[in-house]
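Structure record follows, encoded as structure tokens.
The values are calculated or read from the model by the stated rules, or taken from the named source; none is laboratory data. Computed from a predicted model, the values in this text were never measured in an experiment. Using ideal geometry, Cβ is built from the backbone for each residue, glycine included, and neighbour counts are taken over all protein chains shown. Quick note on the areas: whole protein, heavy atoms, side chains included, nothing else; ligands and nucleic acids left out. Shrake-Rupley method; radii C 1.70, N 1.55, O 1.52, S 1.80 Å.
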Amino acid sequence: MEATEAQLQEIKKVEESTKDLNKDYFEYRPEYKKYVLNIQVRYPAGKSDLNTIISYDKDWQLNKLANAGQEIQNFLDNHRENQYVLIVEGQASRDNYTYNYELSYQRALALMRFWVEYRGINFGNNCEILISGSGDGKLDTHSMREEEETENQRFLIHILPKNIFESTNEKK
């Protein structure tokens, strides 16, 4: 696929813009081309409700999650000239729970509901939102996995530049 110079410049501009994301909340993993939410969450097996997370200070952890959602909102507000797809992906650790694939989706959905319904975060009009779950790796989804299984109870954040892909396809 050939890209014009203007399209390449647009791609570089969007790639640079994602560097604006606060490193306190997000870590970019270049080997996977994904952002990981830097806020560790631990759940009891089979649970997806954020109120069930295992934490020595649950209020502090929930506030950090809220701040991360606010950071995404700020990013989208600061880059209104672009259209994005925001994917909130949940993961689960490999354990004896049978429905980890569904559970990872439920965890991502719970995080999005927390942001929107309980914290009033509005991701704006330049963003399409998708909720996904990649399970516990048993389905070999080629999603990133950590050796320490409890570290796989996490959220991955994908912010994809939608308008670049659309403009590339429109010119064909």
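In whole Hz, with x marking every Gly and Pro, tabulate ³J(HN,Hα) for the stretch 31-37 from phi via Karplus 6.51 cos²θ - 1.76 cosθ + 1.60, θ = phi - 60°.
Running phi through 6.51 cos²θ - 1.76 cosθ + 1.60 with θ = phi - 60° gives 5, 10, 6, 9, 9, 10, 5 Hz.
In the stretch 37-113, what percent of the accessible surface is made up of carbon and sulfur (1.4 Å probe, ligands and nucleic acids excluded)?
So the carbon and sulfur contribution to the accessible surface is 44 percent.
Quick check: residue separation of Glu128 and Val116 times 0.36 nm, minus the Cα distance between them. What number comes out in nm?
2.9 nm
Please work out how much accessible surface Ile129 shows to a 1.4 Å probe, ignoring ligands, DNA and RNA, in Å² rounded to 10.
Looks like 70 Å² after rounding.
If you plug each phi of the stretch 40-53 into the Karplus form 6.51 cos²θ - 1.76 cosθ + 1.60 with θ = phi - 60°, what whole-Hz ³J(HN,Hα) values come out, in order, with x for Gly and Pro?
Values per residue, Gly and Pro as x: 5, 10, 10, 10, x, 3, x, 9, 10, 5, 4, 6, 9, 4 Hz.
What distance in nm separates the two pseudo spin-label positions at Asn63 and Leu160, each 7 Å out from Cα along the beta-carbon direction?
My value for the distance between the label points is 3.6 nm.
Which cross-chain or sequence-distant (5 or more) residues have an amide H under 5 Å from the amide H of Phe155, H modelled 1.01 Å from N in plane?
Close amide H contacts, sequence-distant or interchain: Leu37.
Taking 8 Å as the Cα distance limit and 6 or more residues as the minimum spacing, I'd like the relative contact order of the stretch 23-96 as a percentage.
Contact order relative to length: 21 percent.
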